[in-house]
Amino acid sequence: MLSHEDNLLLTQVGQGTPMGALLREYWMPVVQSGEVEPGGKVKRVQLLGERLVVYRGKLGQPGLIGEFCPHRLASLYFGRVEDAGMRCVYHGWQYGLDGQCLEMPCEPAESSFASKVRHVAYPCVDQGGVIWAYMGPASPPPPLPALEWTLLPESNTFISKRVQECNWFQALEGGIDSSHISFLHAPLHHTDSEVTRELDRASFGVGEAVQTADRAPRFEVVDTDYGVLIGARRSWPDGRHYWRITQFLLPFHTMPPTDRDERIVQSHIWVPMDDTKVVNWMVTWHPDRALTPEERQVHLEGKGAHVCDFAPATSEPYGDIRTALNRDNDYGMDWDVHRGKMFCGIPGFGVQDQAIQESQGIVVDRTRERLGTSDAAILQVRKRLLGAARALFERGAPAPGRNPESFLVRSASVLLPPGASWVDGALARIVVKPGGQLTLA
Ligand code: FES
Ligand SMILES: [Fe+2]
């Protein structure tokens, strides 16, 4: 349970809010690199309550500019992308990549008005097949976090994203909630090997966890430089402990556990559009090899946590990534499957998560919740973010996680003897650099 004030602090991300200010200290994914072409089609997006247009200049450099032209607020979605940046088609005002107005061809030639107008614009870079923007105050911006998947060839990764109609933080909470897989994503009977095999194929290690039949994992959490390391312990049939290890990386990346043998890793990024909508990015990657066509197909078909089936595009920001299965059609709920086969009859992991996260209300009222021991990770991540947002807002304390290299981590699953340290036991799987250490907070 949270106080009303803390719930607002956690969930409000607009201009001038403490959490909005904290999130602006970190790089944010905007669109995939291939979605905008040099001098070509642009896209409407929304980040932290701001309506923006992302584009690629004719020379290839990515740009992110406020959607509404400062002259008389026409949409720059219809703008002309030029060498220098973006030109409004209403009266021809031209803006550089940094938002500086460069030309006002509708004003007298002797006018210096252009030099006095600066539009909202944010620095962008391409990394890992994604355009990232920095919306914070630092100049120059901090370095990008060294997320493993952003450093690999694009053939090693599969990326999807979709809009969810709920507050960003309840969606993120679903990403660190290691106990729900034994219910929301599970077959009705844990011995249903056909389903558990399918679960393992689609989303790594969930079938394995379900087969343990231990539905009450014990949680332990450790604060690290980059975020929070979360261990969930289940009993393995031979008496060993089965640890599923989730990562939370500041400010909005989560990595669900992998399975024990395969090295494929997954991560969500929960990027707030505003207080009521979130873009749920999902990345699957293999550290050492390209993903196979079969592996990509599983994701394209929505059998795992990716969702790639969208409703007809609209002209709203991110209007092309609203899921086809959504609140309006009860997410494709199949009551026969619900009765006879699966714990929840909604098809596919990703849609199951979305349905449940949206069902909590647009913004969860955390004054009404009743948390148990299985919510330990959620409590810790809330504490970390609330503390960092307050410290920045009240004292100007630097945002945590400033060492980009500390983000070179993965999630994992390991089997360990009872009593063994799960952090030490999983270290070789968790740190990307052989022999590397975790930086504890
Ligand atoms: S509204 Fe953009 S130039 Fe006039
Ligand atoms: Fe889930």
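The values are calculated or read from the model by the stated rules, or taken from the named source; none is laboratory data. These figures come from a predicted structure and were not determined experimentally. Neighbour counts run over all protein chains shown; Cβ positions are idealised from the backbone, glycine included.
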Fill in: Residue under evaluation GLN297, criteria (1) touching an Asp or Glu at 6+ places or on another chain (Cβ under 8 Å); (2) in a helix (DSSP H, G or I), criterion not met
(1)
Discussion item. Any residue at all in segment 220-237 that's away from ligand 1 (no atom under 16 Å from the Cβ), touching a Leu at 6+ places or on another chain (Cβ under 9 Å), farther than 30 Å from GLU316 by Cα and without any contact (Cβ under 8 Å) to a residue 12 or more places away in the chain?
Written reply: no
Worksheet entry | Residue list for segment 323-363, restricted to those being away from ligand 2 (no atom under 16 Å from the Cβ) and either in the same structural domain as VAL45 (by TED's automatic domain parsing) or surrounded by 19 or more Cβ atoms within 10 Å (Cβ to Cβ) (or both) | ASN326
Worksheet item: If ALA305 passes every condition in (1) surrounded by fewer than 24 Cβ atoms within 10 Å (Cβ to Cβ); (2) small (Gly, Ala, Ser); (3) closer than 24 Å to ILE362 by Cα but one, which one does it miss?
Response: (1)
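Return yes when ARG366 is in a loop (DSSP other than H, G, I, E, B), surrounded by 18 or more Cβ atoms within 10 Å (Cβ to Cβ) and charged (D, E, K, R) and no when it is not.
It is true that ARG366 is in a loop (DSSP other than H, G, I, E, B), surrounded by 18 or more Cβ atoms within 10 Å (Cβ to Cβ) and charged (D, E, K, R).
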Discussion item. Please count how many residues of segment 37-62 are over 28 Å from GLU165 (Cβ atoms) and either of a type in the set (Val, Ile, Thr) or buried (at least 19 other Cβ atoms within 10 Å of the Cβ) (or both).
Written reply: 2
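Applying the selection to segment 78-98, what residues are of a type in the set (Gly, Ala, Ser), at pLDDT below 95 and not in a strand (DSSP E or B)?
ALA84
Which ones in segment 99-112 are surrounded by 14 or more Cβ atoms within 10 Å (Cβ to Cβ), part of a loop (DSSP other than H, G, I, E, B) and out of contact with any Ser or Thr (no Cβ under 9 Å at 6 or more places or on another chain)?
GLY99, GLU107
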Worksheet item: Does at least one position in segment 215-224 carry a residue that is within 28 Å of PRO143 (Cα to Cα), surrounded by fewer than 23 Cβ atoms within 10 Å (Cβ to Cβ) and among the aliphatic types (A, V, I, L, M)?
Response: yes
Worksheet item: Does segment 77-103 hold any residues that are touching a residue at least 24 places away in the same chain (Cβ under 8 Å) and near ligand 1 (Cβ under 9 Å from one of its atoms), and which are they?
Response: GLY79, TRP93
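For GLU110, state whether it is under 21 Å from GLN32 (Cα atoms), more than 16 Å from ligand 2 (Cβ to nearest atom) and of a type in the set (Asp, Glu).
So GLU110 fails the test.
Listed here are the residues, each with its yes/no results for (1) away from ligand 1 (no atom under 16 Å from the Cβ); (2) modelled with pLDDT of 95 or more; (3) in contact with a strand residue (DSSP E or B) (Cβ under 9 Å, 6 or more places away or on another chain).
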position	(1), (2), (3)
ASP328	yes, yes, no
GLY348	yes, no, no
VAL351	yes, yes, yes
ALA355	yes, yes, no
ILE378	yes, yes, no
ARG382	yes, yes, no
PRO400	yes, yes, yes
VAL409	yes, yes, yes
SER413	yes, no, yes
Practice prompt. Could you check how many residues of segment 169-201 are of a type in the set (Asp, Glu) and over 24 Å from VAL283 (Cβ atoms)?
Written response: 2
